[in-house]
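Everything below concerns the one structure shown next.
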Amino acid sequence: MPRKIHVDAVLVQAVIAGALSFAHLHDLAAAAGQSGWKAWAYPVSVDLLLVAVWRRLRTERSKLAWFWFLVALVASLGANIATAGLLDLDHVPAWLRILVAGWPALAFLGGTLLAHQPTTPAPELTQEPALRPAPMVDLDRPEPPAPAPEITTPEPVPALPEAPAPAVPPALVDHARKIAADHHARTGSEIDTATLRARLGIPEDLAGAIVAQLA
């Protein structure tokens, strides 16, 4: 199936405008004394300068790019206006002949400046602080022995005060003396604390106190 051709109105308009501007620049250059192929080279030079300026403005909007954009725009727009009947192309003034004759050098200068992009300086690398080397550890070197813990001598516990001897009633002492005498008569030995405690049925400390009094 044949493909349908879509006509872009913007592209058609651009071709028509370019052709008319090209013809006007050619006519003005021819009227200014540039005959033959030189008259056709002038519109090419103006249009190429506009293209170079447009490419530069897409990446960098500098004052230089805007200056050459105005120069190329004035050259193109001025040629279109001059050929509209405002100037007598049969008697071109001298100043216009000078501008047309000097245009090649001016266009070459502008194109050269626009073609060479300024080199952006490389970002300065920030120097990182030097890392201090880690201390070397000697694995073969034996570790120093840990200090022996200090042995503290415990302070002596103060002696508890002796309990006072229990008070012994005199009647109980007399009774215990009789038992001790009876025990000595039978066994021939003095009575001890355990025996006296068993005979009287009293606490041991009380029995000891009585034995101490009988001694």
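The values are calculated or read from the model by the stated rules, or taken from the named source; none is laboratory data. The shown structure was predicted, so the numbers you read here are calculated from the model rather than taken from an experiment. Virtual Cβ from ideal backbone geometry, glycine too; neighbours counted across all protein chains shown. Only protein heavy atoms, including side chains, enter the accessible area calculation; ligands, DNA and RNA are left aside. Shrake-Rupley method; radii C 1.70, N 1.55, O 1.52, S 1.80 Å.
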Longest to shortest principal axis, alpha-carbon extents of the range 9-126, angstrom: 68, 38, 24
For the range 2-74, the spread of Cα positions along each principal axis, largest first, Å: 49, 36, 16
Environment charge at Ala72 (Cβ cut-off 13 Å; Lys +1, Arg +1, Asp -1, Glu -1): +1
Projected label distance in nm at Arg186 and Thr59, using a 7 Å step from Cα toward the beta-carbon: 13.7 nm
Under 15 Å, Cβ to Cβ, from His116 - net charge with Lys/Arg +1 and Asp/Glu -1: +1
Full-extension gain in nm, Leu20 to Asn80, via 0.36 nm per residue minus C-alpha separation: 20.8 nm
Per residue accessible area in Å² of the range 19-115, where ligands, DNA and RNA are left out and the probe is 1.4 Å: 61 Å²
